[in-house]
Amino acid sequence: MSSTASATEVIKRSRPASEGLLNEKWDHCLANLLVKSTLGAGFGIIFSVLLFKRRAFPAWVGLGFGAGRGYAECDREFKGAAGGVRKSVGERLQRS
Amino acid sequence: MLRLSAAGPARAIASVVRYRYPVKQLQQQSSEVRTPGNLPGSRKPFAPAGTVVGPADTIIMSAGAAAAPPTPSNITLTSPIQVPLVPPSSSPKIQTSPPLAQVSKASPAAPTPPTPPTPSAPSSENSVPPPTGGKKTHRFRNFVITLTLLTGLSFAGGVFFSLKSDNFHDFFTEYIPFGEDVVLYVEEREFRRRFPKALSRIKNLMKPESSKVTIPRSSGATWKVFDPEDGKKAGGVGTAGGPHISAKQTEEQGKQIVKGTPAEAKVIDEKPAPKSDHVAKVEEAVEKTAKLATSAKAKDTVLITAVDLDSVSDPAVQDLVKVVNSIISLVNHSGVAESFDTVMKSAKSELLHLNNQIGAIKSSIERATEERLKYKDLEFATAAQGLLTKVNNEVVDMEHKLREEFEHEREVIIASYHERLRNELDRSHRVIEQRLRNELLEQAIEMKRKFIGEIEERVENERNGRLGRLQELSDSVDELSKLSTRWGEIIDANLKTQHIHVALEAVRAAYESPEQPKPFLRELAALKEVADDDEVVRAAIASINPHAYQVGVSTPSQLVDRFRRVAEEVRKAALLPEDAGVAGHAASWVLSKVLFRKQGLAQGDDVESILTRTETFLEEGDVDSAAREMNQLRGWARRLAGDWLKEARLLLEVQQAVEVIAAEARLQSLRVYAQH
């Protein structure tokens, strides 16, 4: 009995519930966006200090690049995971 | 000694050279002035060298003629010709002196040393011009002197070394002019110094005799094939123990040579004669001497005539005659023949008598032997005759005996053959009888078997008639038992169906337990056990997902609870476009907040309507319909509801299987009743 219960626990942990899929994706996206934009802003600040005599625009440009990058990755993730986007994924969804 | 003599001149030369250098440093005049006083000054420090050289010079002058021949004549060391040239009476001291002179003469350096310091010396052989010129002449002279000195030194060294090592000896004698001569001479000196006696002995032997030794023409190796007669003649040297075979012989020969007369000297060539010959020779010699004696002493002495026997048959007598003759000759020689005359005469007569007697004895013995021989011959002839007759008799006897034996043997063979034939006949008779008896026995056995078979048949028939009724009885009993077993089967089937029902109830209770999902594996296993041979039950159980009975299925209340959560998420994704990105999701999420909720069994295919209908079905407890509604979802909404759908399906599967099994169980019980 206990062994079977542990087996179910393992199965549940390894595969999240289907209704939590989107929420998980949102979490990932936001975290990624934050990290990327922070990195871009940091690089921009460094460049502004080193090369551009402490002008403000390099920091903004860096931030923009980082945020854009995060957004693009997020978008791709959502699109790729959606049903019917790719043939194989669609088929799998049809089956399940 | 020799080495000393060789080193002596060299040392003298060295001293002279050493002396000459200071002289060269001095001025010409002073040297000229000093030259007269040079002689005593030079001789004083090197007195021994001077003394050695002095006598050598004198000997050169005196023995110049004597020493000249040996050096040019290239004779080997052992050549004995050189020996007689040296005076035999010369003492060893004098013998050693010539080598000194010769060595000094052989090395051209030796004569040079005395000359340079004494330019006024009378030595004519020196080619160096007197130092009359200035420096130039000096230089030339010095060069020549050093050259000669060096040459001499090297030559002397070469000689010395060639005595030491064989290789160098070969080289030296081969390539250096006069090297061989000098080395040979030195070696010879050495040899003579070591063995003075050997040389003198050879000399003594050879001196008087050398001219008289004649070697015959046929001696030594020739191209001719060996001739026995030749061999006999020349065997003295070649075959019968020549000097090369035994040393003793040579000694004897030498003695003979020393002693011998010219007549006996020829013995070397001839083979030693047989004894009789030798004796005859001796006799001859004796006669000769006797003749000589008679010729010499005929005038004053009466000679005793030698014994002369015309017929001497016995060798002993012969010897005796010889002895007597020798005695007679001795007596004749001695010159007192008269006194011995009578004795001799008596001896002679005695001898004659002896001879006659011996002759008589011999003749008598011969006659006796002849008679004996004749007698023996006769005897042997008679014996041979007797032997022949005996042999003939024996042969005849043998023949008779053999024939008898042959006859006897034949009879025996015939008898044995007859016996064998009889045996063979007996055996064949016996075999035939045996066969006949066997056939009889077989016939008897067969008849017996037939009889038994007949009896058995009759007994069987009798028995069957009685056993027929018993068979009928047992058949009826069997029928009864069959009937009873059929009833038993019916009861068993009923029991089984009841068991199935019980197990089914257990399974249903297990999966419909309201608290939480729990595995019902054991219940299902029991059900399978009870309905072991039922295909329908087996198929129904196989249709259930293993996950369901291993983990358990969620209850309907749990499904409703989960549906509420799933519905929230699905509503969020309800407004998504076909291929939505982040913006689409965000828009859908925001807009879903403002959507109106439907109620009851709403019409329409949109997500909101489906969700509402499902909720209504669930509230009514119709899980099957709810699952059907949810299955209509598409895209993200279906994806989000996937897990819920799976759970619902599991529950439905289990429910269906259980219903099927229940129907089967009912059917089975009905079937059992229908059968009977």
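The values are calculated or read from the model by the stated rules, or taken from the named source; none is laboratory data. These numbers were taken from a predicted model, which means no experiment stands behind them. Heads up, the Cβs are rebuilt from the backbone with ideal geometry, glycines too, and the neighbour counts pull from every protein chain shown.
For region B:551-570, a residue qualifies if it is more than 8 Å from chain A (Cβ to nearest Cβ), on the phi < 0 side of the Ramachandran plot and not charged (D, E, K, R), and the qualifying residues are B:VAL553, B:SER554, B:THR555, B:PRO556, B:SER557, B:GLN558, B:LEU559, B:VAL560, B:PHE563, B:ALA567.
Whether a residue is within 14 Å of another protein chain (Cβ to nearest Cβ) and not hydroxyl-bearing (Ser, Thr, Tyr) was assessed, and B:LYS646 passes this test. Here B:ARG639 qualifies as crowded, with 18+ Cβ neighbours inside 10 Å, assigned to a helix (DSSP H, G or I) and within 14 Å of another protein chain (Cβ to nearest Cβ). Tell me the residue from B:GLU460, B:GLU489, B:GLU442, B:GLU456 that is without any contact (Cβ under 8 Å) to a residue 24 or more places away in the chain and within 30 Å of B:VAL537 (Cβ to Cβ), please. Just a single option satisfies the conditions, and that option is B:GLU489.
Filtering region B:621-634 for residues that are in contact with a Gly (Cβ under 8 Å, 6 or more places away or on another chain), at pLDDT below 85, within 14 Å of another protein chain (Cβ to nearest Cβ) and assigned to a helix (DSSP H, G or I) leaves an empty set.
Can you go through B:ALA573, B:ALA548 and tell me which one is within 13 Å of chain A (Cβ to nearest Cβ), touching a residue at least 60 places away in the same chain (Cβ under 8 Å), surrounded by 17 or more Cβ atoms within 10 Å (Cβ to Cβ) and over 30 Å from B:ALA510 (Cα atoms)? Of B:ALA573, B:ALA548, the one residue that is within 13 Å of chain A (Cβ to nearest Cβ), touching a residue at least 60 places away in the same chain (Cβ under 8 Å), surrounded by 17 or more Cβ atoms within 10 Å (Cβ to Cβ) and over 30 Å from B:ALA510 (Cα atoms) is B:ALA573.
Okay, residues lined up against (1) part of a helix (DSSP H, G or I); (2) modelled with pLDDT under 90; (3) away from every other protein chain (no Cβ under 14 Å):
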site: A:SER3; (1), (2), (3): yes, yes, no
site: A:GLY44; (1), (2), (3): yes, no, yes
site: A:SER48; (1), (2), (3): yes, no, yes
site: A:LYS53; (1), (2), (3): no, yes, yes
site: A:VAL61; (1), (2), (3): yes, no, yes
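When B:GLU578 is tested against the conditions (1) more than 14 Å from every other protein chain (Cβ to nearest Cβ); (2) of a type in the set (Asp, Glu); (3) within 17 Å of B:LEU640 (Cβ to Cβ), the lone failure is (1).
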